[in-house]
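Participant: Below are the structure tokens for one structure; questions will follow.
The values are calculated or read from the model by the stated rules, or taken from the named source; none is laboratory data. Predicted, not measured: the structure shown is a model, and the values here were computed from it. Methodologically, a virtual Cβ is constructed for each residue, glycine included, from the backbone with ideal geometry; neighbour enumeration extends over all protein chains shown.
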Amino acid sequence: MKVTVMNPLLDGRGVWQGDTPGTIRKRYYCFGTHNSKDFCSNVTVYNPGEGCVFHNHPQSEELCYVIAGSGVIMDMEKNIQQHIQKGNLFLVERGEIHRIFNDGDKPLQLLLICTGNTPLPEG
């Protein structure tokens, strides 16, 4: 039996992403093309006032669990579609343009899992 166990914040490959204020975050890669056939995953940490760029996943769904903190999910018109907080699980359907943003006062930590082992956005 093959089972892989990891602590994402210690064992994951940490990469800073985003190049403009409001889009800077740290992503800890967990599973993906290097060690999984069917999905990719990471833990992403957004400091207050930071988030990802607007993006979509044309070939996959994105399942997220809020480990800590709070934030919002916005649509392409910058409308807040959902408020999220610690303990929430949410699904972004395939192809939906969205942005996750930390509007709280503590770091927002998300476990993200995408189906189909497709690359996550880099911007």
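Participant: Collect the residues in the range 52-73 that are at pLDDT below 95 and of a type outside the set (D, E, K, R), keeping them in residue-number order.
Facilitator: Scanning the range 52-73 gives C52, V53, F54, H55, N56, H57, P58, Q59, S60, L63.
Participant: Related question: Could you please let me know if P48 is at pLDDT below 90 and assigned to a loop (DSSP other than H, G, I, E, B)?
Facilitator: no
Residue by residue, here is whether (1) of a type in the set (A, V, I, L, M); (2) under 20 Å from G116 (Cα atoms) holds:
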residue	(1), (2)
M1	yes, no
I24	yes, no
S41	no, yes
P58	no, yes
V72	yes, no
L89	yes, yes
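Participant: Filter the range 49-70 down to residues that are surrounded by fewer than 16 Cβ atoms within 10 Å (Cβ to Cβ) and on the phi > 0 side of the Ramachandran plot, then give me how many there are.
Facilitator: 1
Participant: Based on this model, can you work out whether G71 counts as within 20 Å of N47 (Cα to Cα), assigned to a loop (DSSP other than H, G, I, E, B) and not β-branched (V, I, T)?
Facilitator: no
Participant: If you don't mind, there's one more thing I want to ask. Is it true that Y29 is touching a residue at least 40 places away in the same chain (Cβ under 8 Å), under 20 Å from T115 (Cα atoms) and among the aromatic types (F, W, Y)?
Facilitator: Considered against the rule, which asks whether it is touching a residue at least 40 places away in the same chain (Cβ under 8 Å), under 20 Å from T115 (Cα atoms) and among the aromatic types (F, W, Y), Y29 comes out as no.
Participant: Also, quick follow-up: Looking at the range 71-111, which of its residues are among the polar types (S, T, N, Q), in contact (Cβ under 8 Å) with a residue 12 or more places away in the chain and either surrounded by fewer than 17 Cβ atoms within 10 Å (Cβ to Cβ) or in contact with a Pro (Cβ under 9 Å, 6 or more places away or on another chain) (or both)?
Facilitator: Within the range 71-111, Q81, Q85, N88, N102 meet the criteria.
Participant: Go through the range 77-95 and report how many residues are touching a Lys or Arg at 6+ places or on another chain (Cβ under 9 Å) and on the phi < 0 side of the Ramachandran plot.
Facilitator: The qualifying residues number 0.
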